[in-house]
1. If one puts a single equal scatterer on every Cα of the chain and applies the Debye formula without solvent, what log₁₀ I(q)/I(0) results at q = 0.07, 0.13, 0.14 Å⁻¹?
2. Calculate for the chain the 222 nm mean residue ellipticity that helices alone would give, adding -39,500 (n - 2.57) per DSSP H run of length 4 or more and normalising by residue count, nearest 500 deg cm²/dmol.
3. According to a simple spin-label model (label point 7 Å from Cα along Cα-to-Cβ), what is the distance in nm between Val167 and Glu266?
4. Could you sort 31-39, 277-285, 99-107, 3-11 so that the peptide with the highest average Cβ count within 10 Å comes first and the rest follow in order?
5. Quick one: go through region 86-117 and flag any residue whose amide nitrogen is under 13 Å from the point 7 Å out along the Cα-to-Cβ line of Arg35.
6. Compute the semi-axes of the equivalent ellipsoid of region 216-307, taking the square root of 5 times each eigenvalue of the Cα gyration tensor, and list them largest first in whole Å.
7. Only four residue types carry charge here, +1 at the Cβ of Lys and Arg and -1 at the Cβ of Asp and Glu. Report the dipole size of region 139-286 about the Cα centre in Debye, rounded to the nearest 20.
8. Expressed in nm to one decimal, what extension gain is obtained for the pair Lys288 and Lys89 from 0.36 nm per residue of sequence separation less their Cα-Cα distance?
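We did not get these values from a lab; they are worked out from the coordinates using the rules stated. This structure is a prediction, so every number in the text was calculated from the model and none was measured. Cβ placement follows ideal geometry from the backbone for every residue including glycine, while neighbour counts extend to all protein chains displayed.
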Amino acid sequence: MKKILIVGSANVDLSIHVKQIPAVGETVLGKSMERLPGGKGANQACAVGKLGGIGCFLCAVGSDDAGLLIQKSLKEAGMDPAHMKICEKESTGMAVVCVSDRGENNIIVVSGANARCDVDYLKAQRALFHDCDLLLLQMEIPLESVVYAAKKAKSLGKTVILNPAPVPENFPEELFQYADYLTPNEVELFKLANMKAGSSMEEVLQAGKRLLRKGANRLLVTLGGKGALYLGKNEERLFAPPEVPVIDTTAAGDTFNAAFAVKLAEGWNVGKAVDYANCASSVTVSRKGAQASIPTAYQVQEFLFNRKIELSPISLS
């Protein structure tokens, strides 16, 4: 199996369960609160480990209890935390996550030590860039680090998967050419395309094609309950997900990205890998939490068996 290098953020989430997401100026009562390991990078790293991938994770955490919690979660998921940067003067990143009864969420992130996942740190890990086959990236670390990692991996002939979350105000458009697969959700897609958010598939396609014209190679747009849309230069396909009860959507996108990367690393074609990623993220949304909700490879296989789902070997370039 090919090796996956994950570069990104690591946070501890304060997950608050509420009846509904509060509006601006509104006060609501929380039902419960949990302190859980999270962060888009760490979520994806844990998912790669749980789903049977061979990977290594680069991130920065503080020398505090929160940092230890993240290291423990990574080890339990089968991901080696040996190359993490431990910062003495910075606290581990924190995120406040509100989760509604409908499974919707909003997230506020305080970067903390994630700001120390800088270019100098990544340059010191150059051997890992040479040794990997795929790079999986998000955007909760310094922007210059994201650009460096993507450009470095691309120059070495690696497959680059960029999950542009969260989209920065000044997105460096050179990233389009470095990413083999750009994986935004609907909100991120419209922001990248400089378009007013829409809801119809026609609007989604219009935004996606605009990004292709900007230089994006391939798009995988995650559409929640509608599945995932694949867009290439001359092809498009919507992959519908299985129906499941939605409990908590936290880490659903991270599971999708990691599952897609793992199956590409195993040599699956793109279509079959997207189908698998849809199923893996469906398991995630039917459970509570971030890393705790991410399934193992066995649990996804069990889900497929129980639902009598046979993944179709759709050939997409």
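1. For the chain, the Cα-only Debye profile gives -0.24, -0.90, -1.07.
2. Values: 11 runs with 113 residues, N = 317.
-10500 deg cm²/dmol, from helical runs alone.
3. It is 3.2 nm.
4. Numbers: 31-39: 19.1, 277-285: 25.8, 99-107: 16.7, 3-11: 28.0.
Ranking the peptides 31-39, 277-285, 99-107, 3-11 by packing returns 3-11, 277-285, 31-39, 99-107.
5. 92, 94-95
6. Working: eigenvalues 91, 40, 29 Å².
In descending order the semi-axes read 21, 14, 12 Å.
7. On the way: 16 positive and 17 negative charges, 110 e Å.
Computed charge dipole of region 139-286: roughly 520 debye.
8. Values: separation 199, 0.36 × 199 = 71.64 nm, distance 3.25 nm.
Gain on stretching Lys288 to Lys89: 68.4 nm.
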